[in-house]
Amino acid sequence: MLNSKVPPGPIQEKWTQYKANCKLINPSNRRKYKVIVVGTGLAGSSVSSSLSELGFQVEVFTFHESPRRAHSVAAQGGINAAKDYKNDGDSIWRMFYDTVKGGDFRSREANVYRMAECSLGLIDQAVAQGVPFAREYSGYLSNRSFGGVQVSRTFYARGQTGQQLLQGAYQALIRQSEVGLLTIHTRHEMLDLILEEGKAKGIVSRNLDNGQVKNHMADAVILATGGYGKIYYLSTLAMNCNATAIWRAHKKGAFFAAPSWTQFHPTSLPQMGEYQSKLTLMSESLRNDGRIWVPKKAGETRSAREIPEAERDYYLERKYPSFGNLAPRDISSRAAKEQIDAGHGIGPLRNAVYLDFSDAIQRDGKEVIAKKYGNLFGMYKKITGMDAYSEPMMISPSAHFSMGGLWVDYELMSNLEGLFVLGEANFADHGANRLGANSLLQACVDGYFIAPHTVMNYLAGEKPIQNKTSANSEKSIQDTEQRMAKLLSIQGNTTAEEFHKALGKVLYTKCGLSRKRSELLEAQKELKALQESFYKDLIVSGSSDVINFELEKAGRVEDYLELAQLIVEDALQREESCGAHFRVEHQTNEGEAKRNDQEFKYVSVWESTSEGEYKLHKELLDFEAIQISERSYK
Amino acid sequence: MKLTLNIWRQSNVQAKGKFETYLLEDLDSHMSVPEMLDHLNDKLIKNRKDPVAFDSDCREGICGQCGFVINGHVQSPEEHATTCQTHLRSFKDGDVLNLEPFRAKAFPIKKDLCVDRTAFDRIIAKGGYISVNTGQAPEANGILIGHEEAEKAFDAASCIGCGACVAVCKNASAALFTSAKISHLSMLPQGKIEAKKRAVAMVEQMDKEGFGACSFTEACEAVCPQSISISHIVTMNKEYWKSSK
Ligand SMILES: Cc1cc2nc3c(=O)[nH]c(=O)nc-3n(C[C@H](O)[C@H](O)[C@H](O)COP(=O)(O)OP(=O)(O)OC[C@H]3O[C@@H](n4cnc5c(N)ncnc54)[C@H](O)[C@@H]3O)c2cc1C
Ligand code: SF4
Ligand code: FES
């Protein structure tokens, strides 16, 4: 059984108590310690700047050309905080409850409470950095509501909340590179973790501009490398998002929790053709005013406007009257898939549903709607060439967010001492389903407010590392170089991209929005075969000592192929449905997810042994503060 | 759909580049420009040729990573769009497209269509921030900011750092990029205190990086994917002169 090191005491006091008792390092001694941070998204940038402000040496790595390009930049909708500025009954407690319930009671209470607690200060921090959140005419901050909750706790900056928050974090980071002991290595990809006596003491990176493979030693390593939803190939993530950092750490012994829990976002744009490389998200905030429907008649051929009101099925409003179009993501996505599978899908590939603004435009006027969603409508037009003011949008579910990730304890430290994992890369706060606007928050809170304390607490018990190299790091460098050479040497006839597409297809159809034992078993075989073929048929052009995007891709796909198999293993092992994990065998009479608390009230935490076997560890989930119940949004 | 592509090929910073021609006959008009290049690269790789290096990441116009010149249009022939937001429906069947990298002294060409835009980070490093440490912030509603001011600050803050403004400018000036940040921060009460120092330091760094001077041709505003207004350049100049006097 895993120990999550949750401090004792009432849930409201755990974090305060932790902070009051954690170990500190004298300001003048802090500069003797070095921390490596991989990733410059919200989690990585925020923890880097915060540690540097405290006086630690920080070395930051990103494969991006600039820290500002991390995929946090793409978040549109908003960030949650229990400020209760609306006087609508919000509180830390309610946010905590909504999040645990939203996660289908598969997250760790203490972590979630802390996230809600720290949400208040985060908005203050962002505003102080110059993040231009939306404001009322009176000058006060404005809020809106998001899926899965009945209060308005979402702060936003038009449709570019992630980009604005990331600007704030990036600026704080880059300021420290001027005034603090912080260096930034851009275009450097972490390819291995270095352990010394079981503790994380460094990384191996590859300089993507000249291919140089090098080790970097430190007293602690923080991974803030984002989500791996791109494993499905078609997803809302950026082209270069990958699992390599966490997967390489996993291979060095870091446990992986709930790998199969991936959220499918209900409002992304549908796939239009085989050539397509990504699915663009349309912010969930659109569901505040848009109504989702499909034609009642399967195989309908008329255009949206020709279908009379009585022949439309507003299925979310029908099935979930109290939450309606704002039902949580897993439920909305699955409901859409149900309609599409039953032949009600619309669009050229019949893989979408309508999101209709005509009622809202009639009610509020086009101007009001344009003010709220103008840039999203503009984006929709740019991508599809269609005008959402005059015809409904077409949307469909798409792989989006990894609830799963490296397992961490209350201190955000993995089972490997000295290895911390922050942001989307960890498994912590979202359980089996993430609520909208909670992950920007989690990434920020992890980095600004939590890790600075817990990392210092850890470092206080360590002696600053002196050596610049070690036998382990030399070996790591060698292994990494050999790996690159091997990928280049196969010289088959299938590109990394093609393997990635094939892999994505297997996962989408057999381990996506719904999962079935027999299909998962098929997926296992197909993935094995794909992996074998990868080592025979892969082709990577060029060499390893120059810019070589193909080689970068191949390494990431190689890791994805391994992770995919663990994902399927995880989905097979969990004989229940919860949140995003919907096992067809486990549903209620009404077709809703059926949890099995008796047998599965734990997080599945995986170790991969050197013999290539998976070993299951469990973190039992104790619900002390709230009563676990059936998750209903009816 | 059929297109002929003349693409700038250059193996590294020092190398001399040249255009090479490729004919693609099986394109779909819904493809985006990066998807078209994915398609070309797939063919090149299988023919044991070097694929075209080009940057892209989010492919939805927000990360600022993509961007090259298409038939003389910086980023895109479409108005205020990034390269990744440009679809083949913007062209006619049979068209010839010339694709070349952004050209500016401060943006060295790294390979084919990829350029080095790290100069932008170095400009921000000189003061493109508010000096607040984690934990220092007062209650967010403690300082009110009018709706219009917040919206204006947002307009300036929406710059994605793509570099199109530099590439289109005959002086290769980074005035639009730099002024957007100066203006974003100086418009907000939190950022006003450091406004003067910020403007001087950032403008000096901009010059040091080898960007040219602004001569107000307005070309930058016209291509900027975020429609950043050149009025920010006026703000920047004001801040700069105020403080250097
Ligand atoms: C389209 C979209 C919209 C979203 N909208 C919202 C929203 O409205 N509200 C909300 O709360 N959440 C939203 N999310 C989720 C949220 O944006 C992310 O969960 C969050 O930003 C993740 O931040 P991060 O810092 O963990 O990772 P990221 O921002 O993804 O950063 C990862 C960093 O790690 C680096 N990296 C990765 N691997 C390596 C390696 N091996 N070596 C070196 N560097 C590496 C990358 O270069 C990058 O700098 C959205 C997500 C998407 C995709
Ligand atoms: S000002 Fe516009 S064109 Fe220039 S970098 Fe910013 S977004 Fe790009
Ligand atoms: S790829 Fe991100 S802006 Fe084009």
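The values are calculated or read from the model by the stated rules, or taken from the named source; none is laboratory data. Since the structure is predicted, the reported quantities are computational estimates derived from the model, not experimental observations. Note that we place each Cβ from the backbone using ideal geometry, even for glycine, and neighbour counts take in every protein chain shown. SASA here: full protein model, heavy atoms, side chains in, ligands and nucleic acids out. Shrake-Rupley method; radii C 1.70, N 1.55, O 1.52, S 1.80 Å.
Quick look at the values:
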| quantity | calculated |
| --- | --- |
| Filtered trypsin sites (Lys or Arg not before Pro), the stretch A:320-354: DSSP coil and at most 16 other beta carbons within 10 Å | A:R350 |
| Those chymotrypsin sites (Phe, Trp or Tyr not before Pro) in the stretch A:406-459 that DSSP places in a loop and that have at most 14 other beta carbons within 10 Å | none |
| Cut-off 19 Å, label 7 Å out along Cα→Cβ of A:V368, residues of the stretch A:291-329 by amide N | A:291-292, A:325-326 |
| Extension gain, A:I628 back to A:E607 (0.36 nm per residue minus Cα-Cα distance, nm) | 4.7 nm |
| Fraction of beta bridges assigned by DSSP in the protein assembly as shown that are antiparallel (%, nearest 5) | 70 |
| Packing-based ranking, highest mean first, of A:134-142, A:103-111 given that Cβ atoms within 10 Å are counted | A:103-111, A:134-142 |
| Number of partner chain Cβ atoms within 10 Å, mean per residue of B:47-59 | 6 |
| The stretch B:118-244: translational diffusion in µm²/s, Stokes-Einstein, Kirkwood Rh over Cα pairs, 20 °C, 1.002 mPa s | 145 |
| Pairwise FRET efficiency - B:N133 versus B:N47, Cβ, R0 = 60 Å, nearest 0.05 | 0.65 |
| Scaled radius of gyration (Cα, divided by 2.2 N^0.38 Å) that the stretch B:3-111 gives | 1.02 |
| ³J(HN,Hα), Karplus 6.51/-1.76/1.60, whole Hz, each residue of the stretch A:97-102, x for Gly, Pro | 5, 4, 6, 5, 5, x |
| Paramagnetic reach from B:S11 in the stretch B:30-49 [backbone N under 19 Å; point 7 Å along Cα→Cβ] | B:44-49 |
| Where only C-alpha atoms are counted, convex hull volume of the stretch A:129-233 per residue in Å³ | 206 |
| Residue-averaged beta-carbon neighbours from other chains (10 angstrom radius) around A:45-55 | 2 |
| Value of Rg/Rh across the protein assembly as shown [Cα atoms, Kirkwood radius] | 0.94 |
| Karplus 3J(HN,Hα) series, Hz, for the stretch A:523-528 with 6.51 cos²θ - 1.76 cosθ + 1.60 (x for Gly, Pro) | 4, 3, 5, 4, 5, 4 |
| On Cα atoms only, tilt of A:471-489 relative to the major axis of chain A in degrees | 50 |
| Too-long pairs where the Cα-Cα distance tops 28 Å, listed order kept, from A:K337/A:K501; A:K475/A:K525; A:K251/B:K110; A:K252/A:K463; A:K201/A:K278 | A:K475/A:K525; A:K251/B:K110; A:K201/A:K278 |
| Pairwise FRET efficiency - A:M1 versus A:E197, Cβ, R0 = 30 Å, nearest 0.05 | 0.80 |
| Where Rh is the Kirkwood radius over Cα pairs, Rg/Rh for the stretch A:471-600 | 1.12 |
| Separation in nanometres of the label points that stand 7 Å from Cα toward Cβ, at A:K618 and A:Q587 | 2.7 |
| Degrees, to the nearest 10: B:33-46 long Cα axis against longest axis of chain B | 40 |
| Threshold 50 Å², the stretch A:62-76 residues less accessible with all protein chains present than alone (1.4 Å probe) | A:E65, A:R68, A:R69 |
| Value of relative contact order over chain B, rounded to a whole percent, pairs C-alpha under 8 Å and six or more apart | 19 |
| Most to least packed among A:579-590, A:366-377 [average Cβ atoms within 10 Å] | A:579-590, A:366-377 |
| Cα long-axis angle, helix A:549-573 against chain A (0 to 90 degrees, to the nearest 10) | 70 |
| Heavy-atom accessible surface of the stretch A:471-600: percent carbon and sulfur, 1.4 Å | 49 |
| Phi to ³J(HN,Hα) by Karplus 6.51 cos²θ - 1.76 cosθ + 1.60 over the stretch A:620-631, Hz, x for Gly, Pro | 5, 9, 9, 9, 9, 7, 10, 8, 6, 9, 6, 8 |
| B:A222-A:I490 FRET efficiency (beta carbon distance; Förster radius 41 Å; 0.05 resolution) | 0.30 |
| Chain lengthening between A:K525 and A:E274 when straightened (0.36 nm per residue, less Cα-Cα) | 88.0 nm |
| Centroid-to-centroid separation of the stretch A:1-32 and the stretch A:529-546 [C-alpha atoms, Å] | 46 |
| Net charge dipole size for chain A [Lys, Arg +1 and Asp, Glu -1 on Cβ; Debye, nearest 20] | 760 |
| Options A:G55, A:I477, A:A218, ranked by Cα towards positive dipole end of the protein assembly as shown, top entry (Cβ charges) | A:G55 |
| Rounded Å value of the spacing that divides the Cα centres of the stretch B:77-98 and the stretch A:327-394 | 25 |
| Mean Cβ neighbour count within 10 Å, used as a protection proxy, ranking B:12-22, A:151-161 highest first | A:151-161, B:12-22 |
